[in-house]
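A quick write-up on the structure given underneath.
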Amino acid sequence: MNAVKTEAWPAQAPAPVDVRLFTIPGSHPGTAVRLMLEHKGIEHRRTDLLPVLSWIVLKAQRFPGIRVPAIKIDGRRIQGSREIARELDRIEPEPPLFPADPDRRAAVEEVERFGDEDLQQAIRRILLWALGRDTAPFASFAEGSRIGVPIGLAVRTAGPFVALDARSVGADEANVRDAISALPEMLRRIDDWIAEGVLGGEQPNAGDFQIATCLRLAMSLDDLRAAIERRPAGELALRVVPSYPGRIPPALPEAWLEPLRTSL
Ligand SMILES: N[C@@H](CCC(=O)N[C@@H](CS)C(=O)NCC(=O)O)C(=O)O
């Protein structure tokens, strides 16, 4: 996880008055947190930031780290989708994001960890590599966002920011090819969790939000969509996140996609 909690807050959770989410258009964990807030009916404002410029804004807002999602709840600062999920359950216990039963909770926490540490980064690397070849599709992710500058200008000036962002997450050829090769096994794991009932229950849990948003972002790449959408993992993603902005036309070299073809 990228952030640590640095501020103390009361053990007794008061009803939040002022909640502000900082995110980036298309951010998978940012979308997960927005959906968790909506699921719990917690009113909030949202600040949409541009990649890399977000680092400066979050520092200016005195967050300890430079990554989104970040949230201010009545002045308290929390960063990271997993930390935020726990804080949301504290301030608004219903509906819960984690099962009460300890074993079932541990299973959801393992899914959440996998989403946060493994799946998110694999998708992020593939996406940033593709946007690094052509920044034009970035505009489609900004649909419904207020980024404070005209989207055409953002796209025209995005090249160096995307390149910096891609470098910061290791979105190079070797890592992107590894990420694509790892996807079939990751999807199998998610299908298994659905079959076991850890994911895909009547009420979405923190793991559902974490995984479904990663898969929806992956499905915004035309290169990946077919490998995901018609399996239980894809169906879960479409149910938990019915709409997700963004579309990237075919961008990845054919040879890199071979592991996905053979897994279909
Ligand atoms: N694993 C973290 C996500 C941290 C992360 O890498 N966030 C990305 C957006 S998905 C970010 O802030 N990127 C900064 C940038 O793109 O400039 C979580 O689940 O909270």
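The values are calculated or read from the model by the stated rules, or taken from the named source; none is laboratory data. None of the values given here were measured: they were computed from a predicted structure. All Cβ positions, even for glycine, are placed from backbone atoms using ideal geometry, and neighbour counts span all protein chains on display.
Numbers for the structure displayed
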item	result
Extreme residue, farthest from the ligand (Cβ to nearest atom), among residues of region 1-23 that are under 14 Å from the mean Cα position of the chain (by Cα) and modelled with pLDDT of 95 or more	L21
Criterion (modelled with pLDDT of 95 or more and either within 14 Å of the ligand (Cβ to nearest atom) or β-branched (V, I, T) (or both)) met by exactly one of A182, A174, A166	A166
Per-region count, region 27-75, residues in contact with a Pro (Cβ under 9 Å, 6 or more places away or on another chain), of a type in the set (A, V, I, L, M, F, W, C) and closer than 15 Å to D89 by Cα	6
Among the residues listed as R90, R156, R146, the single one being away from the ligand (no atom under 16 Å from the Cβ) and in contact with an Asp or Glu (Cβ under 8 Å, 6 or more places away or on another chain)	R146
Selection from region 245-264 of residues that are part of a loop (DSSP other than H, G, I, E, B), touching a residue at least 24 places away in the same chain (Cβ under 8 Å) and surrounded by fewer than 18 Cβ atoms within 10 Å (Cβ to Cβ)	P245, R247, P249, P250, A251, L264
Residue that is farthest from the chain's Cα centre (by Cα) [pool: residues in region 57-83 that are within 12 Å of the ligand (Cβ to nearest atom) and in a strand (DSSP E or B)]	I78
Cβ-Cβ under 6 Å pairs, at least 6 apart or on other chains, region 28-56 side within 12 Å of the ligand (Cβ to nearest atom), far side of a type in the set (D, E)	P51/D165; V52/D165
Residue satisfying condition, being closer than 30 Å to T47 by Cβ and surrounded by fewer than 22 Cβ atoms within 10 Å (Cβ to Cβ), within set P242, P184	P242
Residue in region 220-228 that is outside any helix (DSSP H, G or I) and in contact (Cβ under 8 Å) with a residue 12 or more places away in the chain present	yes
Residues of region 127-157 that turn out to be touching a residue at least 60 places away in the same chain (Cβ under 8 Å) and aliphatic (A, V, I, L, M), as a count	7
Residue tally, condition crowded, with 19+ Cβ neighbours inside 10 Å and within 10 Å of the ligand (Cβ to nearest atom), over region 93-117	3
